1. Only helical DSSP H runs with n ≥ 4 go in: add -39500 (n - 2.57) per run for the chain, normalise by residue count and round the 222 nm mean residue ellipticity to 500 deg cm²/dmol.
2. With the cut-off at 21 Å, tell me which of the pairs Lys114/Lys180; Lys17/Lys62; Lys17/Lys288 have Cα atoms farther apart than that.
3. So what is the relative contact order of region 185-287, in percent, for Cα pairs below 8 Å that sit 6 or more residues apart?
4. How big is region 120-257 along each principal axis, measuring the range of its Cα positions in Å and listing the largest first?
5. Nearest 20 debye, what's the magnitude of the dipole of region 120-257 about its Cα centre given +1 on Lys and Arg Cβ and -1 on Asp and Glu Cβ?
6. Report the net charge of residues surrounding Asn139, where surrounding means a beta-carbon distance below 10 angstrom and charges are Lys +1, Arg +1, Asp -1, Glu -1.
7. Count charges around Asp284 for me, please; just the other residues with Cβ under 14 Å from its Cβ, Lys/Arg as +1, Asp/Glu as -1.
8. Choose one answer from Ala77, Ala106, Ala286: the residue with the largest mean-square fluctuation in a GNM of the chain with alpha-carbon springs under 10 Å.
Amino acid sequence: MISNSSGGYRIVSRDYKITVMPGDGIGPEVTAEAIKVLEATGLVFEFRHCNVGGMAYIQTGKPLPDYAREACEEADAVLFGAVGHDYAPYGIPRKVLIYLRIEKNAYANVRPLKLYPGVYPPDDHRSQQDVNLVIIRDNAEGFALEHEGFLWEDRGIDKRVITQAGAQRIILFAVTYAMKHGRRKITCIDQSNWLFSDKLFRNAFNLVAERSPRLEADCVSVDVAAMMQARDPRSFDVIVTPDIYGDILSGFVIGQIGGVGLAPSACIGNDFAFFEPIHGTAWDLAGKGVANPIASILSARLMLEWLGREEEAESIDNAVRSVLSESKIRTFDLGGSSSSSQMGDAIAALVGSDPALDAQDQKTVHVDR
Ligand code: ATP
């Protein structure tokens, strides 16, 4: 078991090989806390740490070195932080995302957003809101990452493409996700009253929904959806939508659940997935040890769920819920002064003492490059 060196061999017995790409800004700080919590589950991991993003580009000239690609090929899953750096041209760190989302075809961006008890004080009206929905947005089509556009002095044009195959793929994914997770309703959100690409998206939705009678299905324009969500946060259950509306609506819902520090995501393809907080690099907080790591910890939770480790995933969710509702440990964004690592410690301690999990000796292996 574990890892031991003998005769030049390193024998590692592990449940999961995870490629870790902490990236830039607060990425490394929050990812470290997610790893701490994963280790507390008692599962056996081999973490392969890869230096990617803007800082990697500045240091080595490569935002995505070959070994990082290889590590992704070999991994069971990828845990990602954030990429972006003022001293690296915008498109350079984004190459990492283009690789993960487009080349590796992680087309479904799943954003489960829920309000945990204790996020808002009991006398704050927002604490009474029941927010618990999943936004599934297309990671690969629409404006995508590498869209075509033109900029003249008097005009800018962006090309937006949605294909029948791409629309069907994300919609089928969302319907399957909704049924698997015991959700009752799926809503297609678009602007099909005037955009052709959205008409195609809605037609594809109607075809798929017709064949899924177990799910309630409806379609709503994005402007109406925003109004409905503001008025009643229980308006939606699972949302499937092209990339840009998913982004904007998530921003809105994230405001209702307490901020970006609490918003995880999964990017899932057919045989590859990576997991990242919705927030980005947040350079204003980087290196201070104050960022809320819960978004990253909950992304790790989604990773375990995807790997089929329901119990461990549930344990992380319960631990986050307990820590938030106890309100003793709070990072600054939640009105407290706890550090990122105090938050990570508190959640890891609860996961580590969860009687539902089969606690084992620490068997994690870290491989640095
Ligand atoms: P990028 O350009 O990489 O998207 P950004 O800083 O423009 O990064 P976000 O990272 O999404 O955008 O952050 C927006 C703001 O939200 C940050 O400036 C920061 O103040 C706050 N923020 C982001 N992540 C966290 C976090 N984990 N905990 C607390 N506050 C956060």
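The values are calculated or read from the model by the stated rules, or taken from the named source; none is laboratory data. Please read all numbers here as calculations on a predicted model, not as lab measurements. As a convention, Cβ positions derive from the backbone with ideal geometry for all residues, glycine included, and neighbour counts pool all protein chains shown. With ligands, DNA and RNA removed, areas are computed over all heavy atoms of the protein, side chains included. Shrake-Rupley method; radii C 1.70, N 1.55, O 1.52, S 1.80 Å.
1. Working: 11 runs with 137 residues, N = 369.
About -11500 deg cm²/dmol.
2. Details: Lys114/Lys180 18 Å; Lys17/Lys62 24 Å; Lys17/Lys288 30 Å.
Table pairs above 21 Å Cα-Cα are Lys17/Lys62; Lys17/Lys288.
3. Values: 103 pairs, mean separation 26.4, N = 103.
Across region 185-287, relative contact order equals 26 percent.
4. Here the spans come out as 52, 41, 24 Å, largest first.
5. Values: 16 positive and 20 negative charges, 137 e Å.
Using Cβ point charges on Lys, Arg, Asp and Glu, region 120-257 gives about 660 debye.
6. Numbers: positive: Arg101, Arg137; negative: Asp138, Glu141, Asp243.
That sum, taken over residues with Cβ under 10 Å, equals -1.
7. On the way: positive: Lys288; negative: Asp24, Glu29, Asp86, Asp333.
The answer is -3.
8. Taking springs between Cα atoms under 10 Å, the residue moving most is Ala286.
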